[in-house]
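**Student:** Sharing a structure with you now.
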Amino acid sequence: RLACMPLLACSCCFCLSLLLSNRVTPLCSLLNIKNTMSVASRKERYSTREIDIIVHGATGFTGKRVLTHVAKHHPELNVAVCGRSLEKLTAVANAVGWDESKCKSSVFVVSDIVNENAKLVDAFSNAKVVIACAGPYRQCGLPVLKAAVEARADYLDLCGEPQFFDDALLSFDREARAAGVLACHAAAFDCVPAELGAALAERELLKNNTSCAGVEVIHTMQNISRANATTWHAAVDGFHAAASGELVKSRQKVTENYPEFKATKPPSRPKEWEKAPVSPGLLPGHNEELGLRTMKFVGADASAIRSSWRYLRSRKPDHPRKGARIPEPRLSVLIGMDAKDSMSALKVMGYGATFSLLARYKWGCNMLHANPEGFSGGVFTTGGPTQEELEKGRFTTYVTAFGPSSDLRARVKVSGPEPGYIATPILIVSLALTILDAGKADGNDLSFESGVTLPGALFGDSEKVYDYMRNGGVNFDVVDDFDDLQSPV
């Protein structure tokens with residue numbers, strides 16, 4: 001059960017594909033695109049807005065925890081909430097200590113985000129950053145992003161649904177760049193630890209003038225047994241979209257609308273570079289350094305990392321770490337399990353195979369939606385984990401960047417509390433704080449000023465975001481060796 005949870009929880013986003021547009025721009029213009037907004041204009045825009053962060057979907061399982069985290073740990077920020085039910089919004093507002101006056105000024109009700117776009121834009125127009133927590137995003141995410149772009153409010157979400165990335169980029173990437181708006185998906189456990197862990201490890205190699213020939217990410221979970229069924233439903237729809245060919249069509253649109261990706265395709269890896277890491281196939285592998293049984297992690301991380309690399313190459317061809325002339329590293333993203341626990345590996349394979357088979361068909365999706373607990377071995381439940389279960393959970397992600405030879409390596413250990421509902425608020429709020437800093441005259445260390453992107457591309461070179469995450473309780477430590485005194489699972 002413990003090993004099944006992270007595998008199935010991220011099935012919704014295993015085929016992440018990025019960077020689409022609804023019209024083609026000449027290649028020379030795309031490679032040298034200049035945002036019409038400057039840092040000064042973001043500063044000017046922020047100076048007229050009273051709300052620092054507005055949490056949309058604040059009454060949901062994760063949204064409530066995002067609101068609670070920012071209210072408790074960042075009381076200096078002016079926070080607002082938005083959703084469909086006044087009664088539920090008032091309840092979560094009261095739970096974090098808002099009085100009647102605060103509720104009147106900071107609770108926004110938009111019962112129909114599709115047909116009440118103007119009302120949603122009005123709610124966002126006084127906010128600097130929107131944190132979108134309402135899913136599934138393929139069903140209700142686009143109207144929220146549309147309103148954020150129109151309101152010129154920067155945007156973050158928890159989305160791990162590949163089709164939503166495609167739809168959002170087709171509809172709003174160019175508009176976001178023109179408006180000077182940042183929109184970043186997957187700003188949660190899926191995919192911040194892997195993306196920013198990989199970026200930090202690569203930067204360590206670069207300090208020694210060493211090229212990165214490969215990246216390995218191994219996720220491990222401790223004391224985690226349950227998750228909310230909303231994640232399951234998103235996983236079912238996302239996997240079905242991949243199996244039905246929707247993602248293939250999206251990739252074709254990427255090629256058609258972003259020719260600069262092809263123009264900045266990286267050169268081939270030199271033959272003399274060591275072929276590391278080596279990914280396991282269908283059967284489990286073994287990591288000797290950590291003493292773990294490993295299996296391929298069927299989540300969004302690998303696609304997100306590659307998409308961030310591609311995005312950096314296209315928008316910053318001379319980037320020192322990911323420029324157009326730098327060969328792309330090999331990449332392996334794995335889930336680590338106790339090497340002595342063969343039953344967990346068999347369960348992962350069994351539940352994963354069943355899920356993959358049923359999610360290919362509409363009738364199978366209906367079965368999976370109807371009984372998430374049964375088809376996940378009790379991992380995904382309507383009520384989700386209890387507070388006691390959340391407090392016991394932890395995660396550790398091990399990231400290794402390999403140099404051209406086996407003796408050149410950089411290691412980053414990412415660790416924190418329960419990933420889905422405790423670490424995630426820390427992560428997304430840390431990213432929001434970094435964007436808020438970008439609105440200050442001397443506060444911007446982001447890779448871009450606008451556009452629709454992913455955490456690795458936008459935040460991978462930022463120092464502030466790592467400081468915010470560490471201060472929040474999610475550690476990114478550069479280490480010489482992974483010398484844990486006890487088993488990481």
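**Student:** If I take R0 = 56 Å and measure r between the Cβ atoms of Thr354 and Ser105 in this structure, what FRET efficiency does the formula 1/(1 + (r/R0)^6) give, to the nearest 0.05?
**Tutor:** With R0 = 56 Å, the Cβ-Cβ based efficiency is 0.65.
**Student:** Next up: Mind checking which of Asn444, Gln139, Gly336 is farthest towards the positive end of the chain's charge dipole, using Cβ charges of +1 (Lys, Arg) and -1 (Asp, Glu) about the Cα centre?
**Tutor:** Of Asn444, Gln139, Gly336, it is Gln139.
**Student:** Averaged over all directions, how much area does the convex hull of the C-alpha atoms of segment 373-425 cover when projected, in nm²?
**Tutor:** 5.9 nm²
**Student:** Given charges of +1 on the Cβ of Lys and Arg and -1 on the Cβ of Asp and Glu, with all other atoms neutral, how large is the dipole of segment 219-372 about its Cα centre, in debye to the nearest 20? Kindly include the intermediate steps, with their values, before the conclusion.
**Tutor:** Values: 24 positive and 13 negative charges, 121 e Å.
Here segment 219-372 has a charge dipole of around 580 debye.
**Student:** Within straight cross-link reach of Lys146, meaning Cα distance under 15 Å, which aspartates and glutamates are found once same-chain residues fewer than 8 apart are removed?
**Tutor:** Those aspartates and glutamates meeting the cut-off are Asp112, Glu116, Asp122, Asp154, Asp157, Asp166, Asp167, Asp173, Glu175.
**Student:** Got the relative contact order for the chain handy, in percent, Cα pairs under 8 Å and 6 or more residues apart?
**Tutor:** Dividing the mean separation by the residue count of the chain yields 26 percent.
**Student:** Cut-off under 27 Å on the C-alpha distance; same-chain residues fewer than 8 positions from Lys296 excluded. Which lysines are left, in chain and number order?
**Tutor:** Reachable lysines: Lys249, Lys265, Lys271, Lys275, Lys322, Lys340, Lys347, Lys362, Lys392, Lys413.
**Student:** Starting from the amide H of Leu334, placed 1.01 Å from N in the peptide plane, find each other amide H under 5 Å away whose residue is 5 or more places distant or on another chain.
**Tutor:** Those qualifying (amide H under 5 Å, at least 5 residues apart or on another chain) are Val217, Ile218, His219, Phe297.
**Student:** Tally Lys and Arg at +1 and Asp and Glu at -1 over the other residues with C-beta under 15 Å from the C-beta of Glu272: what net charge comes out?
**Tutor:** Working: positive: Arg269, Lys271, Lys275, Arg330; negative: Glu274, Asp407.
With Lys, Arg at +1 and Asp, Glu at -1, the neighbours total +2.
**Student:** For the pair Lys265 and Val479, what calculated FRET efficiency results from E = 1/(1 + (r/R0)^6), where r is the Cβ-Cβ distance and R0 = 41 Å, to the nearest 0.05?
**Tutor:** 0.75
**Student:** Which whole-number percent gives the relative contact order of segment 239-358, counting Cα pairs below 8 Å spaced six or more residues apart?
**Tutor:** 29 percent
**Student:** Rg/Rh for segment 85-224: what does it come to with C-alpha atoms and Rh from Kirkwood?
**Tutor:** Rg/Rh: 1.07.
**Student:** Along the charge dipole of the chain, Cβ charges K/R +1 and D/E -1, which of Thr382, Leu358, Ile54 sits furthest on the positive end?
**Tutor:** In the chain, that residue is Leu358.
**Student:** Now for a different question. What residue among Ile113, Gln222, Val70 has its Cα farthest toward the positive end of the dipole of the chain, where the charges are +1 on Lys, Arg and -1 on Asp, Glu, each on the Cβ?
**Tutor:** The residue sitting farthest along the positive end of the dipole is Ile113.
**Student:** Taking only C-alpha pairs under 8 Å that are 6+ residues apart, what is the relative contact order of segment 386-489 in percent?
**Tutor:** It comes to 31 percent, rounded to a whole number.
**Student:** Take the Cα gyration tensor of segment 53-109, multiply each eigenvalue by 5, square-root it, and list the three semi-axes largest first, rounded to whole angstrom.
**Tutor:** Details: eigenvalues 43, 34, 18 Å².
Output for segment 53-109: semi-axes of 15, 13, 10 Å.
**Student:** Give me the 1.4 Å probe accessible area per residue for segment 341-455, excluding ligands and nucleic acids, in Å². Don't jump to the answer; show the numbers that get you there.
**Tutor:** Numbers: 4280 Å² over 115 residues.
Result: 37 Å² of accessible area for each residue.
**Student:** When each pair of different Cα atoms in segment 314-355 is counted once in the 1/r mean, what is the Kirkwood radius in angstroms, to one decimal?
**Tutor:** 13.9 Å
**Student:** When N counts the residues of segment 375-489, how does its alpha-carbon radius of gyration compare numerically with 2.2 N^0.38 Å, as a ratio? If you can, show how the numbers build up before the last one.
**Tutor:** Working: Rg = 17.2 Å, N = 115, 2.2 N^0.38 = 13.4 Å.
Normalised by 2.2 N^0.38 Å, the Cα Rg of segment 375-489 equals 1.29.
**Student:** Multiplying the sequence separation of Thr382 and Ser125 by 0.36 nm and subtracting their Cα-Cα distance, what value in nm do you get?
**Tutor:** Values: separation 257, 0.36 × 257 = 92.52 nm, distance 3.42 nm.
Stretched fully, the Thr382-Ser125 segment lengthens by 89.1 nm.
**Student:** Let me make sure I get this right: for segment 154-291, a, b and c are the square roots of the gyration tensor eigenvalues over alpha carbons, sorted descending. Under 1.5 in a/c it's rounded, otherwise prolate if a/b > b/c, else oblate. Which is it? Numbers along the way, then the final one.
**Tutor:** Values: a/c = 1.59, a/b = 1.16, b/c = 1.37.
Judged from the Cα gyration tensor, segment 154-291 comes out oblate (a/c at least 1.5, b/c at or above a/b).
**Student:** So which trypsin sites (Lys or Arg not before Pro) in segment 308-373 end up in coil per DSSP with only 16 or fewer other C-beta atoms within 10 Å?
**Tutor:** Working: sites: Arg310, Arg313, Arg315, Arg321, Lys322, Arg325, Arg330, Lys340, Lys347, Arg360, Lys362; in loops: Arg321, Lys322, Arg325, Lys340, Arg360.
The qualifying sites are Arg325, Lys340, Arg360.
**Student:** Out of all DSSP beta bridges in the chain, what portion is antiparallel? Express it as a percent rounded to 5. Walk me through the intermediate numbers first.
**Tutor:** Numbers: 31 of 60 bridges.
Just about 50 percent of them are antiparallel.
The values are calculated or read from the model by the stated rules, or taken from the named source; none is laboratory data. On a predicted model such as this, the values are computed, not experimentally measured, just so you know. In this analysis, Cβ positions are derived from the backbone assuming ideal geometry, glycine residues included, and neighbour counts consider all displayed protein chains. Heads up: the accessible areas ignore ligands, DNA and RNA and are worked out on the full protein's heavy atoms, side chains in. Shrake-Rupley method; radii C 1.70, N 1.55, O 1.52, S 1.80 Å.
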